[in-house]
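These notes are about the structure you will find just below.
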Amino acid sequence: MLLKLRRRLGARGAAAVLVGAAFVITRALAIGFTDVGAATMSAEKRLTWKYAPGNLRPEAPPRFLEPLQRWDADFYAHLALLGYPLRDNPRPLYGLGFLPLYPLAVRAVTRVVGNVYWAAFAVSNLCALLAAMLLVEVGAIRRRADGIRAAVLFLAAPGANFLSYPYSEALLAFALAAGLLAARSGALATAVAAGAAASATRPTGLAVAVALASVPRPRRLFAAALATAGLAAYALWCGREYGDALAFVHVQATHKRVLTLFGPVRAVFAFDVDPDYYLATIAAVAVAVLMVRRTPIWAWLSAWFLLLLPLATGTLQAMVRYQSNNLPLICGVPALLRGRWFWRTAGISLALMCVEALLYGQGHAHH
């Protein structure tokens, strides 16, 4: 069947159909299990997540999207509609911890569709699909089939349910995939633009700059510096508006996230999170170690960056979500696991994603 599809549509067309089918199936499972979680939520949790005027949530979300609207999703909706808080706001300026590109994208789409929640849903899912399509090329490190497998694993990763939520993960993945592909192929102008977009979405978007700098040539090093422009521009804006260029870093300290040299050691031995965080972290470390000799330097170096940066904050919290966006790491898995071993891993990952979606829908910030 696959051979017939390839003969009829060509290699690129067949890959697009396969990835598109994986996107539809995994998104249906992610949203479906989130809905099941919301339907089985305790009465106490229902009260916690019930919309109330004057709270962070700017308006009541549509019924279909309400189960997707948890934690950071409310911050993004608030920022998209109302912008960042005033400097003299009596409340802590938690909103500064969220970089601006995703809220700006949602705001732009809101003007078209008329609802911030539907806009965020559209932005996230479209970016997730585009990121998966690009991963077919990024992940073809040794052969094209590896790229298709990388795209499938990306959509089925344990934290891939967040790609369908009003979070910035999908936009970051799209920008990262575009930047990594351009950096690998030497399209430096495209890599700079994608890197700047990625670094304006989340600090981990600096991985594009890392990939560019992995080949220490003057033009690539200059491009790597320019690829940090998104984060640099946000820092300059924070310095002008709030008198603290690193306000977005300092606000993370209120969540016990402080970058330190020995942060990864402290994170591993804190023993303050649930087993799934340890499982994701240990698996990521194992893959990253094996990638060093089996993949190009841009791949394993950027994979280590995306692994160590969140660990340096001293906690394993959210590592399931963060490593689902570690695209170089995901691209390395098909190069390490072949045949049934890869598909077994993908199946286990998909099952874990469904569990994570269920817990999210139930409103459990499991640690």
For residues that are within 11 Å of the chain's Cα centre (by Cα) and of a type in the set (S, T, N, Q), scanning just segment 118-176, find the one that is surrounded by the most Cβ atoms within 10 Å (Cβ to Cβ).
Asn161
Selection status of Leu96, part of a helix (DSSP H, G or I), in contact with a Phe, Trp or Tyr (Cβ under 6 Å, 6 or more places away or on another chain) and crowded, with 18+ Cβ neighbours inside 10 Å:
yes
Residue pairs meeting the criteria (Cβ under 8 Å; at least 6 apart or on separate chains; first outside any helix (DSSP H, G or I), in segment 148-169; second surrounded by fewer than 24 Cβ atoms within 10 Å (Cβ to Cβ) and among the acidic types (Asp, Glu))
Pro158/Asp276; Tyr167/Asp72
Assess whether Ala108 counts as being closer than 30 Å to Tyr234 by Cβ, touching a helix residue (DSSP H, G or I) at 6+ places or on another chain (Cβ under 9 Å) and either β-branched (Val, Ile, Thr) or open to solvent by 30 Å² or more (accessible area, probe 1.4 Å) (or both).
yes
Condition first: β-branched (Val, Ile, Thr) and at pLDDT 95 or above. Now tell me which residues in segment 113-143 satisfy that.
Val113, Val116, Val123, Val136, Val138
Kindly check whether there is at least one residue in segment 276-289 that is surrounded by fewer than 20 Cβ atoms within 10 Å (Cβ to Cβ), of a type in the set (Phe, Trp, Tyr) and either touching a helix residue (DSSP H, G or I) at 6+ places or on another chain (Cβ under 7 Å) or assigned to a helix (DSSP H, G or I) (or both).
yes
Going through Ala357, Ala351, Ala335 one at a time, which residue ends up being of a type in the set (Gly, Ala, Ser), touching a residue at least 40 places away in the same chain (Cβ under 8 Å) and surrounded by fewer than 24 Cβ atoms within 10 Å (Cβ to Cβ)?
Ala335
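The values are calculated or read from the model by the stated rules, or taken from the named source; none is laboratory data. Quantities reported herein were computed from a predicted structural model and do not represent experimental measurements. With ideal geometry, Cβ positions are generated from the backbone for all residues, glycine too; neighbour counts draw on all protein chains shown. Ligands, DNA and RNA are stripped out before the accessible areas are found, and what is left, the full protein with its side chains, is counted by its heavy atoms. Shrake-Rupley method; radii C 1.70, N 1.55, O 1.52, S 1.80 Å.
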